[in-house]
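Take a look at the structure below.
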Amino acid sequence: MDVLERYRAAGALLEGHFLLKSGLHSPYFLQSAAVFQYPEHARALAEALAEKLRPFAPDFVIGPAIGGVVLGYLVAEALGARALFAEKDGAGGMFIRPGLVVEPGERFVAVEDVVTTGGSVQKTIEAARARGAELLAVGAVVDRSPTPPEFGVPFVSLVRFVPETYAPEACPLCRAGVPLRRV
């Protein structure tokens with residue numbers, strides 16, 4: 001499966017000059033919400049990721065809101081597991097909403113659409129572990145990290161895509177006068 005081609009087809013692989021959440025600039029941005037709006041793309045990507053995670057046989061799949069909600073649901077469906085999500089708690093962490101059941105000792109995989117630093121998915125993992133669950137693996141559609149993050153368990157992705165990034169003061173796009181877009 002050509003993951004980046006699915007992003008391009010959905011208008012979700014953007015090219016230009018982008019200010020990333022990290023503060024760095026990049027000529028590329030992946031907008032997963034744009035690809036996940038098409039059920040055929042979302043399902044195909046989730047099923048491919050589920051195949052990589054199938055050997056772990058989790059009780060549940062969890063992803064960070066918002067990006068990991070649709071993906072987590074579809075991966076869980078493909079694996080025959082429950083689907084959960086974690087939300088920002090307002091203090092820099094994540095929490096699992098009351099009513100979403102996590103029993104101590106349950107085993108889970110965490111999923112994310114695009115991993116750059118791994119911060120959001122790590123906070124999601126911490127929220128599930130706080131309820132007594134055991135992490136088996138982490139999966140991403142796209143690994144955009146310069147160095148794959150360490151989660152202490154296997155980390156799988158469908159594609160590794162690491163475009164250039166620049167500190168603002170060293171950005172050739174800024175020097176060339178290419179308009180900066182905040183994403």
Could you say which residue among Phe36, Phe56, Phe95, Phe29 is in contact (Cβ under 8 Å) with a residue 40 or more places away in the chain and over 23 Å from Val183 (Cβ atoms)? Phe56
Can you tell me which residues in the stretch 21-41 are closer than 18 Å to Gly68 by Cβ and buried (at least 21 other Cβ atoms within 10 Å of the Cβ)? Leu30, Ser32, Val35, Phe36
Within the stretch 4-20, is there a residue that is closer than 30 Å to Phe95 by Cβ and loosely packed, with under 15 Cβ neighbours inside 10 Å? no
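What tally of residues in the stretch 66-98 results from selecting those that are outside any helix (DSSP H, G or I) and either in contact with a helix residue (DSSP H, G or I) (Cβ under 9 Å, 6 or more places away or on another chain) or buried (at least 23 other Cβ atoms within 10 Å of the Cβ) (or both)?
Taking the stretch 66-98 first, the residues outside any helix (DSSP H, G or I) are 66, 80-98.
Okay, now just the ones that are also either in contact with a helix residue (DSSP H, G or I) (Cβ under 9 Å, 6 or more places away or on another chain) or buried (at least 23 other Cβ atoms within 10 Å of the Cβ) (or both), so 66, 81-89, 92-96.
Going through the stretch 66-98 one residue at a time, the tally reaches 15.
Which of the residues that make up the stretch 1-53 are among the basic types (Lys, Arg) and either touching a helix residue (DSSP H, G or I) at 6+ places or on another chain (Cβ under 6 Å) or closer than 13 Å to Leu74 by Cα (or both)? Step through it out loud before you land on a result.
Filtering the stretch 1-53 down to residues among the basic types (Lys, Arg) leaves 6, 8, 21, 43, 52.
Within the stretch 1-53, Arg6, Arg43 qualify.
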Whether any residue in the stretch 82-92 is at pLDDT 95 or above, more than 25 Å from Leu30 (Cβ to Cβ) and not aliphatic (A, V, I, L, M) is what I want to check. yes
Do we have any residue at all in the stretch 147-156 that's within 24 Å of Ala34 (Cα to Cα) and among the polar types (S, T, N, Q)? no
How many residues of the stretch 101-143 are over 15 Å from Ala81 (Cα atoms) and of a type in the set (Asp, Glu)? The answer is 4
One residue is enough: does the stretch 46-56 have a residue meeting the conditions modelled with pLDDT of 95 or more, in contact with an Asp or Glu (Cβ under 9 Å, 6 or more places away or on another chain), farther than 28 Å from Pro163 by Cβ and surrounded by fewer than 22 Cβ atoms within 10 Å (Cβ to Cβ)? no
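The values are calculated or read from the model by the stated rules, or taken from the named source; none is laboratory data. As the structure is a prediction and not an experimental result, all values here were calculated from the model. Please note: Cβ atoms are built from the backbone with ideal geometry, for glycine as well, and neighbour counts cover all protein chains shown.
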